[in-house]
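Some notes on the structure that comes next.
The values are calculated or read from the model by the stated rules, or taken from the named source; none is laboratory data. Since we're looking at a predicted model, the values are computed, not measured. Positions of Cβ are backbone-derived with ideal geometry, glycine not excepted, and every protein chain shown enters the neighbour counts. With ligands, DNA and RNA removed, areas are computed over all heavy atoms of the protein, side chains included. Shrake-Rupley method; radii C 1.70, N 1.55, O 1.52, S 1.80 Å.
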Amino acid sequence: MKWRREKTASWRAVAIAAAVAVMAVAPVGAQLTGKATRPQVETPKGPVRQVILKNCSSCHGIDDYAYNALDRAGWNTLIETKHKDLKIPLSESDRGLILDWVAGKFGPDSKPFPRTYVPPEITTFFSDAEAQALVARACTTCHTIDRVNEARFSPDRWRVVTLDMRERGAKVTDEELERLVEWLGRVKGTNPNQ
């Protein structure tokens, strides 16, 4: 009987150690999966939100919209092409609301989100001084430092925001971007105590 308790305790210790190892490696594994970063689009407020929830998001997310920068006619063509074989009734008023929103948010003057950015693995990390110098150099040419200092995001969200800023003109290399994302996630993450 004593032998069984000892064996059960040792298996339990092995299981706990394995679980801790998996949790410790998971963020690194997520970084090395080779998947491209996806944009994150917030669902709009008001009547267009209802149209999107009723007609669009039951089949697909709205993040894919960020990959395009089209005028109203281009968006209309894209909607018709993508849904050509589907029998989705979209009233003219609903179509108008969606077209107004996507053309306004993802119009020809916007920068499409990059489809192919895969985060590189980083092995060196920014000190606070290095990260703050990069933020001052790359971010404050368009907005105040308060915008960065007041934000609290997960590392994945920081990556999306930083990629978006780079598409708008922030001068950062892929390695700088990933080192900055790591620092922002560590220093300005979702933990309210950071």
Residues located in the range 123-176, provided they are of a type in the set (A, V, I, L, M, F, W, C), part of a helix (DSSP H, G or I) and within 28 Å of GLY107 (Cα to Cα)
VAL135, ALA138, VAL148, TRP158, VAL160, VAL161, LEU163, MET165
Can you tell me which residues in the range 47-63 are among the aliphatic types (A, V, I, L, M) and either open to solvent by less than 30 Å² (accessible area, probe 1.4 Å) or in contact (Cβ under 8 Å) with a residue 40 or more places away in the chain (or both)?
VAL48, VAL51, ILE52, ILE62
Evaluate the range 136-144: report whether one residue or more is closer than 22 Å to VAL48 by Cα and in contact (Cβ under 8 Å) with a residue 12 or more places away in the chain.
no
Return the pair list, or none, for Cβ contacts closer than 6 Å from residues in the range 64-92 that are under 13 Å from GLY104 (Cβ atoms) to residues that are open to solvent by 80 Å² or more (accessible area, probe 1.4 Å) and not β-branched (Val, Ile, Thr), at least 6 apart or on different chains.
ALA69/PRO108; ASP71/PRO108
